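K.L.:
Quick one: the structure is below, and I'll ask about it shortly.
Bear in mind these aren't lab numbers, they're just calculated from the coordinates by the rules spelled out. Just so it is clear, the structure is predicted and the values come from calculations on it, not from any experiment. Here the Cβ positions follow ideal geometry from the backbone for every residue, glycine too, while neighbour counts run over all protein chains shown.
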Amino acid sequence: MKLKLQRSQKLSILGDVKFSILAMVDLDPAEKQALVKYQLGNTLLYASEKGSSALANYHTSQGLGGLALSLGAAFFAKSTNQLITVDMLVSGKKMTSKDINELIYYEEEIRVACDNLARIMFTCKNFGGEEVINIEPFESEAI
């Protein structure tokens with residue numbers, strides 16, 4: 001798996017600068033196969049605090065009004081860079097901001113999401129195998 005980042009900036013007519021980052025994950029054939037086999041496209045890789053809250057409200061909403069509000073909140077969270085799914089990274093996720101520090105934060109979010117995806121892919125590749133982990137015995141300090 002490879003993460004491709006493309007940074008750009010655009011100057012508006014009024015002289016404001018907008019910074020953008022486009023992130024795309026390039027999967028090898030085995031990873032693409034695992035993506036389809038395990039239906040990982042909608043798997044959430046990253047959620048900001050606001051994004052997590054919106055998703056929690058969506059999953060616990062009651063009644064038609066509550067569902068409509070929570071659906072709106074979940075959609076807003078996706079569109080405002082608060083949620084990152086596997087499909088978003090595979091197809092390309094673009095994030096834009098007027099603040100370069102916010103753009104740097106977005107890049108950190110993308111890297112966390114990619115780390116999570118790498119762990120998922122590692123797990124998918126190792127189904128059916130066995131892993132042995134040595135656990136050291138606990139030693140207490142005498143008082």
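K.L.:
Add +1 for every Lys or Arg and -1 for every Asp or Glu among the other residues with Cβ under 11 Å from the Cβ of Lys2, and state the total.
P.N.:
Spelling it out: positives minus negatives among the neighbours equals -2.
K.L.:
For Lys93, list the aspartates and glutamates whose Cα falls under 17 Å from its own Cα; do not include residues on the same chain fewer than 8 positions away.
P.N.:
Asp26, Glu102, Glu107, Glu108, Glu109, Asp115
K.L.:
While we're looking at this one, here's another question. From the phi angles alone, apply the Karplus equation (6.51, -1.76, 1.60; θ = phi - 60°) to region 94-102 and give each ³J(HN,Hα) in whole Hz, x where the residue is Gly or Pro.
P.N.:
Calculated HN-Hα couplings, in order: 9, 10, 10, 7, 7, 10, 5, 5, 5 Hz.
K.L.:
In addition: Starting from the Cα of Tyr38, step 7 Å along the direction of its Cβ; do the same at Glu131; then give the gap between the two resulting points in nm.
P.N.:
Each label point is offset 7 Å from its Cα along the Cβ direction, giving 1.1 nm.
K.L.:
Among all the aspartates and glutamates, which ones have a C-alpha under 14 Å from Lys32's C-alpha, if same-chain residues fewer than 8 places away are not counted?
P.N.:
Excluding near neighbours in sequence, the set is Asp87.
K.L.:
Between Thr85 and residues 5 or more places away or on another chain, which pairs have amide H atoms under 5 Å apart, with H built 1.01 Å from N, and which residues are they?
P.N.:
Leu45
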